Amino acid sequence: MSRMPESKAPPSRALVVVGLILSALGVLGLLGGAFLVLGAGFQLAPAVPFGEVMTVEVSRGDHAVYVTPNDQWGDISCTGDLDGQEIGLRPDMTQQGLLLPERWDAQGSFGTTTSGVLEISCDGPVPDGRFTVGPVVSFFSIVGAVAVGALAILFLVTGLVLLGLARWRARRSAQPSAGLPAV
């Protein structure tokens with residue numbers, strides 16, 4: 001009877017390398033997605049109570065006004081000017097509230113073509129109401145972060161499966177063969 005040759009090839013280093021790369025990309029993607037969703041909350045100006053004037057330096061681009069969470073959205077008014085020119089706060093139905101480090105409701109946004117000093121005030125029937133200014137977080141940025149997160153999870157799972165397969169192959173090749181004859 002003839003015996004089939006045994007394969008004593010070491011586990012594929014390519015599986016390990018690709019698994020490590022995909023796992024690392026997955027972790028980085030999850031961190032990036034989390035930053036896209038949560039990072040705006042850490043870029044807010046210090047909050048000011050309703051009725052007071054906030055003075056803050058803003059850069060060129062879009063900015064958002066966030067207020068204390070409440071059910072009185074339509075009864076809150078915010079007015080302000082940027083270097084003496086009145087700004088118009090536009091309600092944006094795609095703008096999202098913030099959750100961290102504190103929960104804020106989106107009140108509206110405004111855009112500016114130049115950087116400057118913004119003076120803004122908000123008022124409304126909200127006990128202990130406060131407001132702040134920060135970057136705009138839209139529904140589309142949330143969808144983008146979820147897409148990045150889903151792709152990152154796919155990379156991470158694929159990388160971990162490849163690492164597990166490489167480990168299984170290494171264990172299998174290290175086991176002594178029973179030397180059974182081929183039929």
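See the values below:
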quantity	calculated
Residue within segment 18-32 that is modelled with pLDDT under 95, out of contact with any strand residue (DSSP E or B) (no Cβ under 8 Å at 6 or more places or on another chain) and in the same structural domain as Ile120 (by TED's automatic domain parsing) present	no
Residue list for segment 59-82, restricted to those being farther than 15 Å from Arg130 by Cα and surrounded by fewer than 19 Cβ atoms within 10 Å (Cβ to Cβ)	Ser59, Arg60, Gly61, Asp62, Gly74, Asp81
Selected residue (criterion: nearest to Gly116 (Cα to Cα)) from residues of segment 46-65 that are of a type outside the set (Gly, Ala, Ser) and assigned to a loop (DSSP other than H, G, I, E, B)	Arg60
Residue match in segment 91-112 (condition: small (Gly, Ala, Ser), assigned by TED's automatic domain parsing to the domain that holds Val53 and exposed (fewer than 12 other Cβ atoms within 10 Å of the Cβ))	no
Matching residues in segment 66-119 - criterion: being of a type in the set (A, V, I, L, M, F, W, C) and either more than 20 Å from the chain's Cα centre (by Cα) or more than 18 Å from Gly41 (Cβ to Cβ) (or both)	Val67, Trp73, Ile76, Cys78, Leu82, Ile87, Leu89, Met93, Phe110, Val117, Leu118
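The values are calculated or read from the model by the stated rules, or taken from the named source; none is laboratory data. Quick caveat, the model's predicted, so the values are computed rather than measured. A quick note on method: Cβ atoms are made from the backbone with ideal geometry, for glycine too, and the neighbour counts reach across all protein chains shown.
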